[in-house]
1. Of all helices (runs of 4 or more DSSP H) completely enclosed by segment 109-221, which ones contain at least 1 residues that are under 30 Å from Lys95 (Cβ atoms) and in contact with a strand residue (DSSP E or B) (Cβ under 7 Å, 6 or more places away or on another chain)?
2. Quick one: what pairs do we get from segment 139-168, first residue acidic (Asp, Glu), second assigned to a loop (DSSP other than H, G, I, E, B), C-beta under 8 Å, 6+ apart or different chains?
Amino acid sequence: MKIRNGYLHLIKTALEDFKRNKVRTALTSLGIMIGVLSVVLLIALGLGLKNYIEGQFESMGANLILILPGGGFTGEGGGGFGGAAIVGGVSFDEKDVKFTKGGSAPELLFVIGSARVSDLGQLFDVANLKDTVVVNIDNKSENQGFGDILMVSTRLSSLSESIANLLIALNYKLDLDIAQNLMSGIADATNNFQDANTSSLAFEMAGILMRSGALRPGSHAVQRPARRDDFIKAQEQLVKTQEIEHKEAQPVGQSISQPVNTLNNPPEDWLEPKIYKGSTNI
């Protein structure tokens with residue numbers, strides 16, 4: 001009975017203190033609520049972010065290794081996992097890497113620079129890729145010719161020129177980053193266009209990539225994206241030059257006729273069908 005009365009006395013005393021210091025009581029309660037709410041929100045945000053990141057990695061496949069530029073990468077033949085490899089100071093061998101894929105089979109698969117299916121290992125599962133369209137892009141003579149669409153030719157001096165040609169044929173927009181990467185690939189494979197086996201397609205793609213803003217390795221010019229009106233300005237300058245040359249070619253005293261700007265004013269009948277007859281009857 002005494003203990004019960006003691007608890008009641010404590011509660012009564014606390015309530016009386018709250019009434020005497022209402023502002024202090026309100027501020028103290030508000031601070032406690034804000035502190036508890038902040039802790040709860042931080043824990044909830046941390047757990048939510050963790051679950052989101054884990055979901056993103058699980059969607060790409062388990063045991064995923066990302067190799068990013070910046071760290072050294074060495075291997076047999078300058079690529080692959082033929083020997084010990086070093087990425088960002090971490091050493092690993094081929095036996096330490098397991099390739100897995102997540103989700104359903106892709107509808108379209110590009111295989112670039114692999115001469116044999118066996119080179120792809122577990123990445124190329126014929127059973128799982130039976131409904132997948134495989135595009136084989138390579139320039140090696142030992143290519144086995146696998147896949148549904150073959151873009152294999154030993155006349156190509158680099159893989160980058162073949163990829164650039166494919167992107168242009170698909171009317172894909174080449175930004176400065178894509179153009180420079182493709183240019184670097186072509187230049188590296190052709191010894192900066194000095195090799196005797198450099199194909200004509202390599203020079204053609206290099207010209208297109210340079211118009212998109214790419215630079216040859218070793219060039220110190222300032223890179224800038226290609227402008228759409230550069231071609232129009234060049235054509236206008238060409239017309240002006242032709243007009244000046246036409247005026248200078250006129251004899252003294254002869255009236256100068258204004259040249260017809262056929263670029264912007266074509267003949268009225270240029271779309272009508274025409275029949276040309278030769279002087280010899282057959």
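Since every read-out is calculated from the coordinates, none of them should be taken as a lab result. Please read all numbers here as calculations on a predicted model, not as lab measurements. Note that we place each Cβ from the backbone using ideal geometry, even for glycine, and neighbour counts take in every protein chain shown.
1. Values: elements: 159-169, 176-189, 200-211.
In segment 109-221, the matching helices (runs of 4 or more DSSP H) lie at 159-169.
2. If the second residue must be assigned to a loop (DSSP other than H, G, I, E, B), the pairs left are Glu142/Ala115; Glu142/Arg116; Glu161/Ser199.
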